[in-house]
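Working notes, structure below.
The values are calculated or read from the model by the stated rules, or taken from the named source; none is laboratory data. Predicted model, so just to flag it, every value in this text is computed and none were measured. All Cβ positions, glycine included, derive from the backbone under ideal geometry; neighbour counts span all protein chains shown. These area figures cover heavy atoms from the full protein model, side chains too; ligands, DNA and RNA do not enter into them. Shrake-Rupley method; radii C 1.70, N 1.55, O 1.52, S 1.80 Å.
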Amino acid sequence: MEERQLSIMVPNTRRPPASCGTAKGEYRLVMDSPGDAGIGLVKSLRSVCSCSDREIARRIFQSPSLLLSDLDRNAAEKLSGILNQTGAKTRVLPAGREFVEGKGEYEIALVVRDIERIGDVLATVCRLLHVQPVEVINLMVRSPAGLAGNLSLAAAEAFRDSLSVAGAELDISKYREARFDVFLGRSDDMDRRRIREILVRAGIDTPPVRNENGSPQPMAATDLGWNEVDRVRKELTRFSEQVKILNRDFARFDIVLQRTGDHPRKVSEILKDRFGIPGTVHARLLGALPVALAREVPCAEVGGHLNALESAGATAGANMTSLQTFDLRIDTVESPEKTISILAMLGGKQASSLPSLRNAGLPALVEGPFTPLQARWLQKDLRAVGTRCALKLR
């Protein structure tokens, strides 16, 4: 089940800011955005701010916010200049000048398309959150990869700008206005009925446990608001292995072209104009259907892509990647020790749980479940130490 309490969760208290510093003056220092500095600003502000580190963090991640008050103008401008050099965005205001404070209404999730830049992304998240790589890896390999919650829009956009430089994308959600779906993982009919009972008691419509053809129904509930989700979240925690609550703002899809229909020229125009696929590869692409035209597409963009293709007579679909999981098939290994180390660091696997990675035991299956990013990351790092592996969708 998707965790509501993300690893970096800023306290959402709204008490009046404490007056900081000892100088008395008519100016205040306001932070508009943490910019590229992230939570590392806590250390910079600790010596001049009398409040706790926790409160400093709240002001940073719920900017615009009041950092310091009762300052003379020279002291305020000097400190503002120092903070702005770190990448933050601050300004000096007269004591009577009002500004609109930020609110902790947003949460963010990471999307990495270019796996070759994963090292840059990891380093950037470590710097922004000021935590160790092993903790950041644990955040990044989840799906969705929720990084932080209770952020203001300014702070969320600052994260997005910093991560875009590292080659990653960031989904931003105002979670109380988002829509949610409840998905069922591997579970027996008894657990499915219990989950359904929890939802029904909360007044939430649910489909039957099984479809008409007898296959398990993958959805427990659809299109829920935050208040509905909040009513059932605690009760569903005991089914955390069987249930996932997915914020649609964080859902990602692969757009798959299945058939071109009777107007391949129109489809070719869409491939070029909408998907940016050069015409020189269209013939080869259309001769290898079904084929993915775009990967990791946000939920809000899926309908436009499918409608455009269907209007040209094509048949296309959207495969949700957010809930996909994989196993790894290990084919060749040059260094078992390095391979085991990578599987431990990125995959959470202990040596005792792994099949033999010596030549006599290959190919070998390393069971997940690994999320899409986790699986691609494993494949990349394993290849670097001479281990060849393939991803197997579970």
Exercise for the section: Could you tell me whether the range 343-353 includes any residue that is touching a residue at least 40 places away in the same chain (Cβ under 8 Å), open to solvent by 20 Å² or more (accessible area, probe 1.4 Å) and in contact with a helix residue (DSSP H, G or I) (Cβ under 8 Å, 6 or more places away or on another chain)? Expected result: yes
Fill in the blank from the handout: Flagged in the range 103-129 as touching a residue at least 24 places away in the same chain (Cβ under 8 Å), assigned to a helix (DSSP H, G or I) and of a type in the set (Gly, Ala, Ser), in numbering order, are ALA123
Completion exercise
Residues in the range 212-261 that are more than 17 Å from MET320 (Cβ to Cβ), touching a residue at least 24 places away in the same chain (Cβ under 8 Å) and polar (S, T, N, Q) total 4
Fill in the blank from the handout: By residue number, the members of the range 130-149 that are surrounded by fewer than 22 Cβ atoms within 10 Å (Cβ to Cβ), out of contact with any helix residue (DSSP H, G or I) (no Cβ under 6 Å at 6 or more places or on another chain) and either at positive phi or assigned to a loop (DSSP other than H, G, I, E, B) (or both) are VAL131, GLN132, ARG142
Problem - Boolean, LEU365 is open to solvent by less than 30 Å² (accessible area, probe 1.4 Å) and either over 24 Å from LEU170 (Cα atoms) or in a helix (DSSP H, G or I) (or both) - result: no
Exercise for the section: Would you mind finding the one in ARG97, ARG113 that is among the basic types (Lys, Arg), modelled with pLDDT under 95, under 17 Å from GLY167 (Cα atoms) and surrounded by fewer than 16 Cβ atoms within 10 Å (Cβ to Cβ)? Expected result: ARG113
Exercise for the section: Determine whether LEU373 is farther than 30 Å from PRO264 by Cα, aliphatic (A, V, I, L, M) and under 31 Å from the mean Cα position of the chain (by Cα). Expected result: yes
Handout entry: All positions within the range 158-167 that are in a helix (DSSP H, G or I) and either open to solvent by less than 70 Å² (accessible area, probe 1.4 Å) or not charged (D, E, K, R) (or both)
Key = ALA158, PHE159, SER162, LEU163, SER164, VAL165
Exercise for the section: Select from the range 375-391 the residues that are in contact with a helix residue (DSSP H, G or I) (Cβ under 7 Å, 6 or more places away or on another chain), open to solvent by 40 Å² or more (accessible area, probe 1.4 Å) and among the charged types (D, E, K, R) and list them in ascending order. Expected result: ARG376, LYS380
Problem - Considering residues of the range 248-269 that are more than 30 Å from ASP223 (Cα to Cα) and part of a helix (DSSP H, G or I) only, the residue least open to solvent (accessible area, probe 1.4 Å) - result: VAL267
Exercise for the section: Could you list, in sequence order, all residues of the range 170-199 that are over 23 Å from PRO369 (Cβ atoms) and either part of a loop (DSSP other than H, G, I, E, B) or touching a strand residue (DSSP E or B) at 6+ places or on another chain (Cβ under 7 Å) (or both)? Expected result: LEU170, ILE172, SER173, LYS174, TYR175, ALA178, ARG179, ARG196, LEU199
Exercise for the section: Kindly establish whether ARG329 is of a type in the set (D, E, K, R), in contact (Cβ under 8 Å) with a residue 40 or more places away in the chain and not in a loop (DSSP other than H, G, I, E, B). Expected result: yes
Handout entry: Condition met for PHE61 (surrounded by fewer than 20 Cβ atoms within 10 Å (Cβ to Cβ) and in contact (Cβ under 8 Å) with a residue 60 or more places away in the chain)
Key = no
Problem - Search result, residues across the range 270-312 that are acidic (Asp, Glu) and either buried (at least 18 other Cβ atoms within 10 Å of the Cβ) or more than 27 Å from SER143 (Cβ to Cβ) (or both) - result: ASP273, GLU310
Practice task
Please tell me if ALA154 is of a type in the set (A, V, I, L, M, F, W, C), in contact with a Pro (Cβ under 7 Å, 6 or more places away or on another chain) and either in a strand (DSSP E or B) or open to solvent by 10 Å² or more (accessible area, probe 1.4 Å) (or both).
Solution key: yes
Exercise for the section: Residue by residue through the range 76-94, note down the ones that are in a helix (DSSP H, G or I) and either open to solvent by less than 60 Å² (accessible area, probe 1.4 Å) or among the aromatic types (Phe, Trp, Tyr) (or both). Expected result: ALA76, LEU79, SER80, GLY81, LEU83
Practice task
Please list, ordered by first then second residue, the pairs with beta carbon atoms under 6 Å, 6 or more apart or interchain, first in the range 150-164 and under 11 Å from GLU105 (Cβ atoms), second among the aromatic types (Phe, Trp, Tyr) and assigned to a helix (DSSP H, G or I).
Solution key: LEU151/PHE61; ALA155/PHE61
Handout entry: Looking only at the range 200-247, and only at residues there that are in contact with a helix residue (DSSP H, G or I) (Cβ under 7 Å, 6 or more places away or on another chain) and assigned to a helix (DSSP H, G or I), the one that is most open to solvent (accessible area, probe 1.4 Å)
Key = GLU235
